[in-house]
Amino acid sequence: MLLVDSLEASGGEIAEKDESRGGCFCNLFCTPFYWLKMLANETHWSLVFGVVTVYGVSQGIGGAFSRVGTDYYMKDVQKVQPSESQIYQGIISIPWLVKPIWGLLTDVLPVIGYRRRPYFIFAGLLGVVSMLLLSLHENLHLAFAILSLTAGSAGVAIADVTLDALVAQNSNTHPLLAPDLRSLCTLSSSIGALLGYSISGVFVHLIGSKGVFGLLTIPAGLVLLVGILVDEPAMLNFDYRQVNKKFIDAGKTMWTTLKFPDVWRPCLYMYLSFALSVNIHEGTFYWYTDSKGGPSFSQEMVGFIFAVGSVGSLLAAIIYQNVLKDYPFRDLLFWSQLLLGLSGMLELIVVMRLNLKMGIPDYVLIVIDECVFRLVINLKWLPLLVLSLRLCPPGIEGTFFAVLMSIDNLGVLTSSWGGGILLHLLNVTRTNFDNLWLAIIIRSILRITPLCLIFLVPGGDPKASLLPSEIRNEDPDDENIELVSLVPSVDSK
């Protein structure tokens with residue numbers, strides 16, 4: 001669908017130049033194997049292998065295994081309280097806050113003459129070592145466990161940014177294939193997550209959370225293989241004296257852009273809307289796996305619940321692409337934020353056991369809740385992605401976009417830590433869930449509060465440029481700032 005839309009939007013000019021090729025593209029898109037073969041022939045097979053590996057295997061399947069495995073590892077192996085687990089989950093996500101640094105490094109700092117290959121190899125090695133440590137050590141101290149999980153998260157983040165840069169680079173050299181490459185990234189991530197969540201609970205049940213960490217060395221090893229196989233010419237006689245100047249020039253341009261009200265106001269909303277939507281996932285996870293106070297869901301059921309959530313994410317992408325993409329940002333964010341607050345009521349019904357009085361099993365309502373939550377959160381996330389693209393100044397689009405994504409991730413981190421504090425204050429522990437219902441009500445109210453800040457988001461035509469003319473008319477010297485787009489997939493953190 002993305003390919004068809006992009007071809008239609010390109011107008012008759014492309015059709016006049018290569019009418020037969022446009023029809024061939026549509027046919028290839030309908031046949032996945034031929035479509036992949038076309039992309040491999042037009043770019044290089046290592047790029048297609050890299051996208052499927054990094055997005056589909058590492059982030060999709062690996063991300064699903066990591067999430068379920070980490071939840072059970074914290075609960076059953078380290079035996080921490082839900083509030084503590086919530087804080088630790090935030091720490092593990094910190095490498096995603098510094099995506100601009102990874103982006104700048106891979107763009108302006110080659111290693112042994114290569115800009116991409118060494119970073120893939122480093123990311124793969126980091127993941128392999130950290131996962132092996134978690135899986136093989138019998139009594140790993142909590143601090144070292146958190147450090148290893150954070151290192152594994154850093155490996156995934158570095159591979160993500162490096163692959164994004166490689167995709168953007170090929171999108172610039174093959175502009176007609178840009179929608180295809182983005183579609184491949186999104187499809188790989190979504191299908192990988194759906195598959196990963198479907199089987200993750202089974203593996204946790206069979207081999208335990210530490211065994212799952214051992215399996216995660218496979219995606220990390222494949223990322224390392226991408227670094228070895230990637231098609232990249234060596235940069236001979238690179239002048240490393242330019243690196244410092246490129247960093248300084250990029251920093252100046254970003255700071256100048258952020259000072260404009262039309263830019264910092266939406267950025268402030270992005271941060272606050274995520275930060276105020278506090279995350280109490282660990283509290284609810286401990287409850288619905290508890291054998292006394294909760295429904296005592298098995299590992300397989302937990303994986304199934306998350307898999308259904310991935311279906312909700314896919315539905316959100318389809319709905320936004322086909323129905324909502326032309327609506328104003330302010331309208332979409334208003335309704336998605338409101339629905340996000342109301343969606344928490346489904347969870348409240350289950351925790352208060354009202355569903356049993358109505359004859360509705362726990363798993364039915366929790367599956368619906370997870371699907372609705374993922375649908376709504378992605379309907380909020382997608383317009384924020386497009387809004388972020390509209391705020392990027394010419395010449396440093398990629399790095400500035402990564403900065404905006406880091407602002408969002410900082411909001412998510414604040415949300416996770418805020419949820420941990422809330423669970424601690426309400427004394428929600430491994431065995432005490434008496435106040436979990438109150439935590440859900442407070443969370444739902446806080447999710448709605450960003451509606452008071454919706455005026456910070458620009459209204460009007462979402463396709464119109466949002467940057468001030470002072471920035472829009474600037475044309476940075478490409479010799480000083482050689483940056484490429486680092487646009488993540490919809491499901492990236």
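The values are calculated or read from the model by the stated rules, or taken from the named source; none is laboratory data. In this text the structure is predicted, and so the values were computed from the model without any measurement. Glycine also receives a Cβ, built like all others from the backbone with ideal geometry; neighbour counts cover every protein chain displayed. Heads up: the accessible areas ignore ligands, DNA and RNA and are worked out on the full protein's heavy atoms, side chains in. Shrake-Rupley method; radii C 1.70, N 1.55, O 1.52, S 1.80 Å.
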Practice item. Go through LEU315, LEU324 for me and flag whichever is open to solvent by 30 Å² or more (accessible area, probe 1.4 Å) and more than 22 Å from GLY460 (Cα to Cα). Key: LEU315
Point to revise | Pair list, Cβ < 6 Å and 6+ apart or interchain, from segment 248-269 residues that are closer than 12 Å to SER388 by Cα to residues that are polar (S, T, N, Q) | key: VAL263/THR257
**Study point:** Scan of segment 331-342 for residues that are crowded, with 19+ Cβ neighbours inside 10 Å and not hydrophobic (A, V, I, L, M, F, W, C), ordered by number
**Key:** SER336, GLN337, GLY341
Point to revise | Residues satisfying the stated conditions in segment 336-368, i.e. more than 19 Å from TYR286 (Cα to Cα) and in contact (Cβ under 8 Å) with a residue 12 or more places away in the chain | key: SER336, GLN337, LEU338, LEU339, LEU340, GLY341, LEU342, SER343
Point to revise | Members of segment 379-409 that are under 17 Å from LYS99 (Cα atoms), among the charged types (D, E, K, R) and modelled with pLDDT of 80 or more | key: ASP408
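Any chance you could count how many residues in segment 433-467 are of a type in the set (S, T, N, Q) and at pLDDT below 90? Lay out the reasoning, then the answer.
Taking segment 433-467 and keeping what is of a type in the set (S, T, N, Q), we get 435, 444, 449, 465.
When the remaining residues are screened for being at pLDDT below 90, the result is 465.
Of the residues in segment 433-467, 1 are of a type in the set (S, T, N, Q) and at pLDDT below 90.
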Point to revise | Residue ID - surrounded by the fewest Cβ atoms within 10 Å (Cβ to Cβ), chosen from residues in segment 287-312 that are of a type in the set (Gly, Ala, Ser) and farther than 25 Å from LEU195 by Cα | key: SER291
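Every residue in segment 209-245 that is hydroxyl-bearing (Ser, Thr, Tyr) and either open to solvent by 20 Å² or more (accessible area, probe 1.4 Å) or out of contact with any helix residue (DSSP H, G or I) (no Cβ under 9 Å at 6 or more places or on another chain) (or both), please.
Our first condition is that a residue be hydroxyl-bearing (Ser, Thr, Tyr); within segment 209-245, this holds for 209, 217, 240.
THR217, TYR240, listed by residue number.
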Practice item. Residue by residue through segment 127-158, note down the ones that are without any contact (Cβ under 8 Å) to a residue 40 or more places away in the chain and out of contact with any Ser or Thr (no Cβ under 7 Å at 6 or more places or on another chain). Key: VAL129, HIS137, GLU138, ASN139, LEU140, HIS141, ALA143, PHE144, LEU147
**Study point:** Test result for ILE368, in contact with a Cys (Cβ under 7 Å, 6 or more places away or on another chain) and open to solvent by 10 Å² or more (accessible area, probe 1.4 Å)
**Key:** no
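For segment 232-250, how many residues meet the condition of being among the aliphatic types (A, V, I, L, M) and assigned to a helix (DSSP H, G or I)? Full working, then the answer.
Step one: of segment 232-250, the residues among the aliphatic types (A, V, I, L, M) are 234-236, 243, 248, 250.
After this cut, where a residue has to be assigned to a helix (DSSP H, G or I) as well, the list is 243, 248, 250.
Summing the residues that are among the aliphatic types (A, V, I, L, M) and assigned to a helix (DSSP H, G or I) in segment 232-250 gives 3.
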**Study point:** Selection status of SER135, among the small types (Gly, Ala, Ser) and surrounded by 20 or more Cβ atoms within 10 Å (Cβ to Cβ)
**Key:** yes
Review point. THR284 is checked against (1) free of Cβ contacts under 8 Å to residues at least 60 places away in the same chain; (2) surrounded by 21 or more Cβ atoms within 10 Å (Cβ to Cβ) and fails just one. What number does that condition carry?
Key: (1)
Revision key, fill the gap. Checked LEU194, LEU187, LEU206 against criteria (assigned to a helix (DSSP H, G or I), surrounded by fewer than 16 Cβ atoms within 10 Å (Cβ to Cβ) and of a type outside the set (Asp, Glu)); the one match is LEU206
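Looking at this structure, is VAL161 touching a residue at least 12 places away in the same chain (Cβ under 8 Å) and buried (at least 17 other Cβ atoms within 10 Å of the Cβ)? Before you say what the answer is, go through the steps one by one.
Numbers: touching a residue at least 12 places away in the same chain (Cβ under 8 Å): yes; buried (at least 17 other Cβ atoms within 10 Å of the Cβ): yes.
It is true that VAL161 is touching a residue at least 12 places away in the same chain (Cβ under 8 Å) and buried (at least 17 other Cβ atoms within 10 Å of the Cβ).
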Check your understanding: Name the residues in segment 254-281 that are open to solvent by less than 10 Å² (accessible area, probe 1.4 Å) and among the hydroxyl-bearing types (Ser, Thr, Tyr), would you?
Key -> THR257, TYR269, SER273
